[in-house]
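The values are calculated or read from the model by the stated rules, or taken from the named source; none is laboratory data. Everything numeric in this text was worked out from a predicted model, so none of it was measured. Glycine also receives a Cβ, built like all others from the backbone with ideal geometry; neighbour counts cover every protein chain displayed.
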Amino acid sequence: MGGYTYLVASLPSLSLEAPPPFTPEEFRFKCQGVLSDADLAELDLLLAGTAAEGRSAFSQAWAAADAQIRNSTAKTRAAKLGVEAKGFLRSHPGYAVWLDKEVGDALAKANPLAREQGLDHARWKFVEELALADAFGLPAVLAFAVKLMLASRWAAFEEEAGRKRLEELVSELEAHAASKGAADFK
């Protein structure tokens, strides 16, 4: 336990509300030569989004929790749309009741941005709990990697780019509606 004390102690604090100090790729580079080959391979799987292929308890638990979050989200959204969610669900081991509550609370929020933030806060909370298994070992390193990916995702969102994409989508919908003979929206 605690095999990466110096590395973990040197990691900065992260937040979903602030851009991270480096990218996941830069973090992976920092881990080279510090992590064992097997643990570096585990980090690579996590960064590639294939944690389920990992050998560690952290990777297996993270993959299961992420699948549970996605499944709960799919069920909630399918129910609102009146469609069957079965084709979108993935099996996973284990079940965390509190995680479903977090997802439900997130999806009950008024706007899409708040819903996405709520889902990522649930992910953040889950990996923080997983890191407690070994606060200076591989679980802490992998938890930092997940939090770094989440923080990087939020840092990449730009209001102007989002507004432009929304305008493009609305224009496409208007063009599609006009081609089907619908009245002008404007």
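Could you tell me whether D120 is modelled with pLDDT of 95 or more, closer than 21 Å to A52 by Cα and acidic (D, E)? So D120 passes the test. Against the list (1) closer than 21 Å to W124 by Cβ; (2) free of Cβ contacts under 8 Å to residues at least 40 places away in the same chain, the condition F29 fails is (1). Screening the stretch 124-164 for residues that are of a type in the set (F, W, Y) and at pLDDT 95 or above and picking the one that is nearest to A9 (Cα to Cα) gives F136. Taking the numbered list (1) in a helix (DSSP H, G or I); (2) in contact with a helix residue (DSSP H, G or I) (Cβ under 6 Å, 6 or more places away or on another chain); (3) over 21 Å from T23 (Cβ atoms) in turn, L132 passes all entries but (2). What residue, among those in the stretch 51-84 that are acidic (D, E) and more than 15 Å from the chain's Cα centre (by Cα), is farthest from G94 (Cα to Cα)? For the stretch 51-84, the residue satisfying everything is E84. State whether the residues of the stretch 113-122 include one that is among the acidic types (D, E), surrounded by 15 or more Cβ atoms within 10 Å (Cβ to Cβ), in contact (Cβ under 8 Å) with a residue 24 or more places away in the chain and touching a helix residue (DSSP H, G or I) at 6+ places or on another chain (Cβ under 6 Å). Yes: the stretch 113-122 contains one or more residues that are among the acidic types (D, E), surrounded by 15 or more Cβ atoms within 10 Å (Cβ to Cβ), in contact (Cβ under 8 Å) with a residue 24 or more places away in the chain and touching a helix residue (DSSP H, G or I) at 6+ places or on another chain (Cβ under 6 Å). Scanning the stretch 5-50 for residues that are more than 24 Å from the chain's Cα centre (by Cα), surrounded by 12 or more Cβ atoms within 10 Å (Cβ to Cβ) and among the hydroxyl-bearing types (S, T, Y) returns a single hit, T5.
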